[in-house]
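Here is the structure we will look at.
The values are calculated or read from the model by the stated rules, or taken from the named source; none is laboratory data. Owing to the predicted nature of the structure, the values given are computational and were not obtained by experimental measurement. Note: ideal-geometry Cβ built from the backbone for every residue, glycine included; neighbour counts use all protein chains shown. All accessible areas refer to the heavy atoms of the entire protein, side chains included, with ligands and DNA or RNA removed. Shrake-Rupley method; radii C 1.70, N 1.55, O 1.52, S 1.80 Å.
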Amino acid sequence: MKLGLCTIAFQEKPLEEVIDIAADYGFHGLEVWGKPPHIPADYDAAYIRNIRDAAHRRGLAISAFGSYVTPMMPLYQKHFEEAFKIAKELGTDLVRIWSGGGPSKSIAPADKRLILFRLVSMAQWANFRNMKLGLEMHNNNLTDSVKTILEALEGVNVPALQTYYQPLARTDADEPHTAAEQLASHIVNVHAQNFDEQGKACPIAEGVVDYARIVEILSHAGYNGYLEVEFVHGDDKLEALQRDRDYLASLIGSTTGDALKNLDIAPV
């Protein structure tokens, strides 16, 4: 496994600065946040190539493009194809997408059918182009539970469509370790988050989710992707970032040098 940083963790900073932070703090890859200022509202191929090259110069891979595409949005296919172009320019084969639709327990059956129908076309489109789509596991979306995630994956049944894993701080959410076990063979990326017993976000090492157990589950399933810090919590964000990074590194038993030997980063 490798260590990743989601650039949304420092959404207040220019992306070039976040690249430097990720490299200086010993990360191996970046998931690029798909909103301004990190990605322009209007497609800019030259800007995106410059970001890719800047990351590669610092020894970083682009682990994913964190888009906000959902099959429920107007002109969804247009936005999806643009997200694909951005991912390709960034040098990643993984696009994070959202299912949308609102909470799974209250989503209208017609909306659920529409989401699955459109996910089929998106996944087939991606599969033909050797791309992967990672469904965001998130509250207030169809994919807010293990049951509905598996239903979506099985209903679409296209290899390109997989899922992210992140524990959900909701009173009726799936138990996070059981969720990891049930989803393990379908996980394409991990947003490492944690929270206390009241559901308040906290450092990754200190919450109710035992990440040593999560890493063990993923390892047994053959997962060799990224463990990504998505947000940092504390008055000193850089200190918090170092803490979370070091904790995850201790769990996967890797060092920056060891992991980077396994990265396939294209020459600039």
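Assorted remarks:
- In summary, Gly134 fulfils each of the numbered conditions (1) closer than 29 Å to Ile62 by Cα; (2) surrounded by 15 or more Cβ atoms within 10 Å (Cβ to Cβ); (3) touching a helix residue (DSSP H, G or I) at 6+ places or on another chain (Cβ under 9 Å) with the single exception of condition (3).
- Some residue of region 71-91 being outside any helix (DSSP H, G or I) and in contact (Cβ under 8 Å) with a residue 60 or more places away in the chain: yes
- For region 161-203, residues that are more than 24 Å from Thr7 (Cα to Cα) and among the polar types (S, T, N, Q) total 5.
- Apart from one condition, Ile21 fits all of (1) closer than 16 Å to Trp98 by Cβ; (2) within 20 Å of the chain's Cα centre (by Cα); the exception is (1).
- Asp236 vs. criteria more than 30 Å from Ala108 (Cβ to Cβ) and at pLDDT 95 or above: yes
- Within region 27-46, the set of residues being outside any loop (DSSP other than H, G, I, E, B) and surrounded by 14 or more Cβ atoms within 10 Å (Cβ to Cβ) comprises Gly29, Leu30, Glu31, Val32, Trp33.
- Test: Lys88 is within 30 Å of Asp144 (Cα to Cα), exposed (fewer than 15 other Cβ atoms within 10 Å of the Cβ) and not polar (S, T, N, Q): no
- Any chance Val95 is closer than 21 Å to Ile187 by Cβ and touching a His at 6+ places or on another chain (Cβ under 6 Å): no
- Selection status of Asp24, open to solvent by 20 Å² or more (accessible area, probe 1.4 Å), over 30 Å from Gly155 (Cα atoms) and at pLDDT 95 or above: yes
- Among the residues making up region 104-128, a single one is within 20 Å of the chain's Cα centre (by Cα) and surrounded by fewer than 17 Cβ atoms within 10 Å (Cβ to Cβ): Asn127.
- Meets criteria (in a helix (DSSP H, G or I) and either buried (at least 17 other Cβ atoms within 10 Å of the Cβ) or aromatic (Phe, Trp, Tyr) (or both)) for Phe65: no
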